[in-house]
Amino acid sequence: MTGIINSLWAIIEPYWNWLPTLIQDVIIVVLQIAPLLVVIILCVAYLTFWERKIIGWMQNRIGPNRVGPWGLFQPFADTIKLILKEVIVPRDANRFLFLIAPLLSISPALAAWAVVPLFPDFAIADVDAGLLYVLALTSLGVYGVIIAGWATNSKYAFLGAMRSAAQIVSYEIAMGFALVGVLMAGGSLNLGEIVAAQAGPDNSWFLLWLFPLFIVYFISGVAETNRAPFDVAEGESEIVAGFHVEYSGVAFAIFFLAEYANMILIAALTSVMFCGGWDSPFSGIAALEGSMLAAGGLHWLCIKVAFFLFCFLWLRATFPRYRYDQIMRLGWKVFIPVTIVWIFIEGGLALIGVGPWST
Amino acid sequence: MLIQMFFWSLAAVLLGASIGVITSRNPVFSALYLVLAFFTSAVMWLLIEAEFLAVVLVLVYVGAVMVLFLFVVMMIDINTEELRKGFTRFAPVGGFVALVVAVELITVFLVRNSGLPVLSNPPPHPEGYSNTKELGAVLYTEHVYAFELASFILLLAIIAAIVLTMRKRPGLKVQNIARQVAVRRQDRVRLVSMEAEKD
C-alpha cells in the first residue's frame, strides 16, 4: 500500500513543488474539508433513517424496511425523490430571498465544523477564539429561518419564523452563559485546549463539575435546532410546517439537511466541551493500556456524538411539544438563573482551589 | 498584496451594502443590507488581527441585535408615503449633517498628505499572540471602572425596558405556572371501575 502511495507521490511531486505555496495551502485545506463534508452528509442521511427506526421501535413499529436490506437504502430513495421534484416558488414570494434562505441555514451548520477538534492535536482551523466562533456561527443559522418565513409571504411561514427567532435569541443567552463556565474551567477559548484540559488519566471531564451547565447547554442545543419538544417553529399540527411550508424539492431537502447537520454539530460540541471530545474514558486503567479502548481518538468522539444524537431522537419520541409561553419561561426564568448561579459557584470553587481548574 | 486585494474587495462590498441600507424601499431589505455590512466589517477586522472583536461583532450585532431588528421590521407595517412627507422639511438638516461628515472625511485625507507625522502600520504580531487575553487584561485592570460603569448602564436599560412592559391590564387572563406545574394526577382524573353494560 505504502509502495503505491510512494510511487504516486513521485509522479505528483514535481508538479506539487511547482505550485505556489498559497495554492498548496488551499489544496491541503480542501483535501481536509471534502472528506469531512462527505462524512457529515452521509451521517445526515443515515441519521434520518436511524431516527425513523428508533421512533418506530419506541412506538412498537418496524420503521422503514422496504428499500434494500433492513431498509438501509431508504435515505437514498428519499434523496433521489427530493432531487427529482420541482422547486416551486410561490407567486408573491420574494424569489431571491426565497431561494437563498436554505443556503443561509446550511452554511453556518457546516462552517462551524472547521474548529471542532476531531482527534488529538487536529482541527481544520485551530483558531484561538474557537468557542466564540462556534457561538457566532450557531447564532447565524436563524437568518435562514427568518428569511424563509418572510420571503414566502405566507402567514403560517411567517408565524413559524417569528417563533423560531424569539426562541433562538432567548436560548442563545443560556447557551452563551453555559459556555462561559466551560471557558472558565478550560482556561482557553481554543476548543483543542478545552479538550486537552479534560483529557488524561485523571478523567476530569467537565461533565462532572459543570453538570447543570451541561444540562442547560444540551437542552438549549435542542431548542436552537428547533427539534422536538421545542419544534414550535414547525409545529405541523398548528401552523402546518412553519417556515418551510412552501418549500419543495431540493430547497426543502437543504432545510432538512441543515436541521440534521445542526443536530450533529450540537452533539459534537456537547461532547467536545463537556465530555472530553476525543479523550477516552478508560485512559487511566492499567489493564487496557496500549489498546484502542485506552487511546484517545476519533472513534471516541464518534461514540459520544452517536450517544447525544440518540438522545435527540429519544427526546423527540418521548415528549409532547412545549407550549410557547412555557418555552420562554424555561429559557429566561430557569436556564439563565441556573447558569449564572453555577458560574458564581465555579468561581468560588476556583478561588478556594477545588476542582480540575485549580491546577 | 493578497491582503490588499482582500481589503479592497471587502471595502467594495461594504460600501455597496451601506448604500443599499439607505436606498432600499423595503425596510426589511435595509435591515438585511445592514447585516451584510456588519458581517463584511467583521471580516475586515480579521484582516487587522482583531479576531476577538470581529467574532464578537458577528455574535452580538449580527446574531442578536439584527435578528431583533428584523423581527420588529417584519412585524410593523411601515407606510413609506407617510415617511416621505417630511422630506423637504428635514432636507436642510440632513444636508448640513452630510456636509459636516464630508468635510471631516476630507480633512483626514488632507492631514495624511500635509506632511504631519502619521503612525505607520504596527508590525504584525508573532504567532501565538492572543488578542482575547490582551483585551481582557486591559479591560479588567486599566479600564475596570469604565467597564463596570458601561455594564451598569446596560443593566439599567434592561430593567427599564422590563418595567415599561410591566403594566397591569385589567381583565387579562394569565396562567399561574406554579399551580399548573404543581398539579397531580389525583386533582384532574379519577379512575373508576364500572360494571360492563349490556343492552
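The values are calculated or read from the model by the stated rules, or taken from the named source; none is laboratory data. What you are looking at is a predicted structure, and each value in this text was computed from that prediction instead of being measured. Positions of Cβ are generated from backbone atoms using ideal geometry, with glycine treated the same way; all protein chains shown enter the neighbour counts. The area values use the complete protein model at the heavy-atom level, side chains included, leaving out ligands, DNA and RNA. Shrake-Rupley method; radii C 1.70, N 1.55, O 1.52, S 1.80 Å.
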The stretch B:1-17, subset open to solvent by 70 Å² or more (accessible area, probe 1.4 Å) and free of Cβ contacts under 8 Å to residues at least 12 places away in the same chain, residue farthest from B:Ser41 (Cα to Cα): B:Met1
Residue check, A:Ser237 part of a loop (DSSP other than H, G, I, E, B) and more than 16 Å from the chain's Cα centre (by Cα): no
Tally of residues being within 14 Å of chain A (Cβ to nearest Cβ), of a type in the set (S, T, N, Q) and assigned to a loop (DSSP other than H, G, I, E, B) across the stretch B:123-142: 1
Members of the stretch A:235-268 found to be out of contact with any Leu (no Cβ under 7 Å at 6 or more places or on another chain), under 23 Å from A:Leu137 (Cβ atoms) and of a type in the set (Ser, Thr, Tyr), listed by number: A:Tyr247
Candidate set from the stretch A:133-142 (those that are under 21 Å from A:Met328 (Cβ atoms) and more than 7 Å from every other protein chain (Cβ to nearest Cβ)); member that is surrounded by the most Cβ atoms within 10 Å (Cβ to Cβ): A:Gly141
Qualifying residue in the stretch A:147-154 (condition: part of a loop (DSSP other than H, G, I, E, B) and at negative phi): yes
Selected residue [among the hydrophobic types (A, V, I, L, M, F, W, C) and open to solvent by 20 Å² or more (accessible area, probe 1.4 Å)] from A:Val145, A:Val169, A:Val115: A:Val169
Qualifying residues in the stretch A:164-182 (those that are closer than 13 Å to A:Ala223 by Cβ and among the β-branched types (Val, Ile, Thr)) - the one nearest to the other protein chains (Cβ to nearest Cβ): A:Val169
Per-region count, the stretch A:48-75, residues within 23 Å of A:Arg316 (Cα to Cα) and either among the acidic types (Asp, Glu) or part of a helix (DSSP H, G or I) (or both): 15
Pairs with Cβ under 8 Å, 6+ apart, first in the stretch A:23-46 and under 19 Å from A:Ile106 (Cβ atoms), second polar (S, T, N, Q): A:Ala45/A:Thr79
Helices (runs of 4 or more DSSP H) lying entirely in the stretch B:1-87 (those with 3 or more residues that are of a type outside the set (A, V, I, L, M) and within 13 Å of chain A (Cβ to nearest Cβ)): B:27-47
From A:Leu159, A:Leu213, residue being part of a helix (DSSP H, G or I) and open to solvent by less than 30 Å² (accessible area, probe 1.4 Å): A:Leu213
Residues located in the stretch B:125-147, provided they are out of contact with any helix residue (DSSP H, G or I) (no Cβ under 8 Å at 6 or more places or on another chain) and either among the aliphatic types (A, V, I, L, M) or open to solvent by 100 Å² or more (accessible area, probe 1.4 Å) (or both): B:Glu127, B:Lys133, B:Ala137, B:Val138, B:Glu142, B:Val144, B:Tyr145, B:Ala146
A:Gly130 open to solvent by 40 Å² or more (accessible area, probe 1.4 Å) and within 11 Å of chain B (Cβ to nearest Cβ): no
Any helices (runs of 4 or more DSSP H) falling wholly within the stretch A:263-359 and containing at least 1 residues that are modelled with pLDDT of 85 or more, open to solvent by 30 Å² or more (accessible area, probe 1.4 Å) and closer than 30 Å to A:Ile41 by Cβ: A:298-318
